[in-house]
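**Student:** Dropping the structure in here first, questions after.
The values are calculated or read from the model by the stated rules, or taken from the named source; none is laboratory data. On a predicted model such as this, the values are computed, not experimentally measured, just so you know. Backbone-built Cβ (ideal geometry, glycine too); neighbour counts: all protein chains shown.
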Amino acid sequence: MTRIFDNPADFADDALDGFVAANRGYVARVDGGVVRSTEVPTGQVALVVGGGSGHYPAFAGLVGPGLATASACGNMFASPAAGQVYRVAKAANAGGGVLLSYGNYAGDVLHFGQAQLRLNAEGIETRTVTVTDDIASAPLDQIEKRRGIAGDLTVFKIAGAAAEAGLDLDAVERLAIKTNYRTRSLGVAFDGCTLPGAADPLFHVPAGQMSLGLGIHGEPGISEHKMPTASELAELLVSKLLKDKPDDAGNRVVAIVNGLGTVKYDELFLLFGKIEKLLSKAGLTVVEPECGELVTSLDMSGLSLTLLWLDEELEQYWAAPADTPAFRKGNLAPRPLRKQGSVTAVDESDVEQPTAAAAGLGRQAVAVLAQVRDVVVEHEEELGKLDAIAGDGDHGIGMRRGVDAAFTAAETAIGASVGRILTAAGEAWSERAGGTSGALWGSAIIAAGQALGNKTGYSGEDAAAAVTAFVSAITELGKAEPGDKTMVDALLPFRDAFLTEFDAGAPVDRALAVAAAAAESAAAETARLRPLKGRARPLAEKSLGHPDPGAVSFGLITARISQHIDSQLAPPAGNGVQS
């Protein structure tokens, strides 16, 4: 349990500030994360890593010469927002292009992907290599669906060493891809971790049992087994990884025994000794191994084994020197501190003046966001518990952070057009919430704002256009399909019911009421589905019988908006929105 904090919602930011204060010779704080505080040669590829907080040494602890150039740092177990990744990468860029690398989680893919598009559009060549080392999360023929766990370290280290050696972006990307393909990991948990401020762990493992195939975001394993002896655990981990080895595997491997938070070093060393003997018996030579806490999960009781099959090229970069707050290898000469530039803010001096209609509708949008905030606050704990069944338990707190930020940004912008207000709200939601839901809700609110814009008058057709834009932003960005057990399973019925009612002549408030009812009903129906997207996918059986938290929160929000609109608007004579 985490005991040292002021406000649990500020834990990640406060911890990052303290980390920087303790390591100013290595890192400097930038908006969204950290960047090296020492000089980076002009033209060097910038390796930007990152993900949710709570995994130290990953990710900020791996920033330094010979490893990462910068780290984008999200909230606890939640991906950094696209804007944060963008700003960190801009600060890290030394003119040689940017390689983004992170674990293959839906929220990270969405946010880092948006940042990559923005960076490339500005002429900063940017590539991505996702880490997919967790053999428990998908079969080998679906390696692209696997999660990234402790194998992050091997990919980051070799890519960082290649960048330090002066290789260009093509070569650094190639080596990162090659390392990822040759890396395999498998983890076990003995008990769950507890988020700051929470009274209970995200999950429990029954006494005398062990959970196999855990993630690093508080997700439980995919199966439970009788607690083994150290020798039996070593045999289990080694045998499963050797069965999954890459096609071009040689006989030289890096072995990494990684503690997830509370397993003591003596226990890790004991297990490593057993593992090293088994690898030697299998004809493998262990090269420059690591044993300790490298990619953690707060106070989770558990560990993982990672194997990287080397060739001559990869071994050269694995052995290369590195000097970071949490990972040191060999010797590097001290680097002078560099001056930190700032990312120029967008010039908004020429923002269009709002029309009376757009300003009035903007005030209504702020009132709606207040209702959204209230319903999320009311159900925050419930949503977190639902998410913890087969996910990481952060949906409630993520939605709370997002809507709080969105409402504050919208309220600050009162007097602007509805388009401007919703854009500010969407950007704030994405920035503060992080994670998949942060990316999706933020993008959808922005899209609705763009559809409404700054017009001289509004009608029911504009409401329908906003609904369509909101839904399209989520489906196009998230790529989820009906039946995948995501928010989309409630979202599409909402849109279809709204448009059907509206096209039949119903006023907006009536169409919204019917659509909200359809969304709530569809959300409840997701209990019978198996998840095919997101962090719950590897735990499909645990998810059965429980509705999807994203669909549930969407249903709750639409119902509350409908109630609010119904209380504010008298039924109009025909299709139209009253201002």
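**Student:** Among the residues of segment 375-403, how many are part of a helix (DSSP H, G or I), in contact with a helix residue (DSSP H, G or I) (Cβ under 7 Å, 6 or more places away or on another chain) and either among the aliphatic types (A, V, I, L, M) or within 19 Å of residue 422 (Cβ to Cβ) (or both)?
**Tutor:** 10
**Student:** Still on this structure, please answer the following. Residue 445 fails exactly one of the following numbered conditions: (1) assigned to a helix (DSSP H, G or I); (2) out of contact with any Leu (no Cβ under 8 Å at 6 or more places or on another chain). What is the number of that condition?
**Tutor:** Of everything listed in (1) assigned to a helix (DSSP H, G or I); (2) out of contact with any Leu (no Cβ under 8 Å at 6 or more places or on another chain), residue 445 misses just condition (2).
**Student:** Please specify each residue of segment 402-425 satisfying the condition of being surrounded by 24 or more Cβ atoms within 10 Å (Cβ to Cβ) and under 16 Å from residue 437 (Cα atoms).
**Tutor:** Across segment 402-425, the qualifying residues are 402, 403, 406, 425.
**Student:** Examine segment 260-276 for a residue that is assigned to a strand (DSSP E or B), touching a residue at least 24 places away in the same chain (Cβ under 8 Å) and either on the phi > 0 side of the Ramachandran plot or not assigned by TED's automatic domain parsing to the domain that holds residue 150 (or both), and state whether such a residue exists.
**Tutor:** Taking every residue of segment 260-276 in turn, at least one turns out to be assigned to a strand (DSSP E or B), touching a residue at least 24 places away in the same chain (Cβ under 8 Å) and either on the phi > 0 side of the Ramachandran plot or not assigned by TED's automatic domain parsing to the domain that holds residue 150 (or both).
**Student:** Among the residues of segment 380-423, which ones are in contact with a Leu (Cβ under 6 Å, 6 or more places away or on another chain) and more than 19 Å from residue 447 (Cα to Cα)?
**Tutor:** 388, 390, 393, 395, 396
**Student:** Test residue 197 against the stated conditions and say whether it is in contact with a strand residue (DSSP E or B) (Cβ under 7 Å, 6 or more places away or on another chain), over 27 Å from residue 68 (Cα atoms) and either among the aliphatic types (A, V, I, L, M) or part of a loop (DSSP other than H, G, I, E, B) (or both).
**Tutor:** no
**Student:** Let me ask something else. Got at least one residue in segment 451-466 being under 20 Å from residue 401 (Cβ atoms), in a helix (DSSP H, G or I) and charged (D, E, K, R)?
**Tutor:** no
**Student:** Restricting attention to segment 291-343, report how many residues are modelled with pLDDT under 95, part of a strand (DSSP E or B) and over 24 Å from residue 203 (Cα atoms).
**Tutor:** 1
**Student:** Kindly evaluate residue 31 against the criterion of being within 30 Å of residue 166 (Cα to Cα), at pLDDT below 95 and surrounded by fewer than 19 Cβ atoms within 10 Å (Cβ to Cβ).
**Tutor:** Spelling it out, residue 31 is indeed within 30 Å of residue 166 (Cα to Cα), at pLDDT below 95 and surrounded by fewer than 19 Cβ atoms within 10 Å (Cβ to Cβ).
**Student:** Can you name every one of the strands (runs of 3 or more DSSP E) wholly within segment 35-153 that holds 1 or more residues which are aromatic (Phe, Trp, Tyr)?
**Tutor:** 98-103
**Student:** Checking residue 39 against (1) over 23 Å from residue 124 (Cα atoms); (2) touching a residue at least 12 places away in the same chain (Cβ under 8 Å); (3) of a type outside the set (A, V, I, L, M), only one condition comes out false. Which one?
**Tutor:** Answer for residue 39: the failing condition is (1).
**Student:** Anything in segment 212-233 that is in contact (Cβ under 8 Å) with a residue 60 or more places away in the chain and either among the hydroxyl-bearing types (Ser, Thr, Tyr) or farther than 22 Å from residue 278 by Cβ (or both)? List them, or say none.
**Tutor:** 215, 216, 217, 218, 219, 220, 222
**Student:** Identify, by number, the condition in (1) closer than 30 Å to residue 144 by Cβ; (2) touching an Asp or Glu at 6+ places or on another chain (Cβ under 8 Å); (3) among the charged types (D, E, K, R); (4) modelled with pLDDT of 95 or more that residue 495 doesn't meet.
**Tutor:** If we test residue 495 against (1) closer than 30 Å to residue 144 by Cβ; (2) touching an Asp or Glu at 6+ places or on another chain (Cβ under 8 Å); (3) among the charged types (D, E, K, R); (4) modelled with pLDDT of 95 or more, just (2) comes out false.
**Student:** Within segment 156-198, can you find the residues that are of a type in the set (Gly, Ala, Ser), within 20 Å of residue 296 (Cα to Cα) and surrounded by fewer than 24 Cβ atoms within 10 Å (Cβ to Cβ)?
**Tutor:** Passing the criteria: 197, 198.
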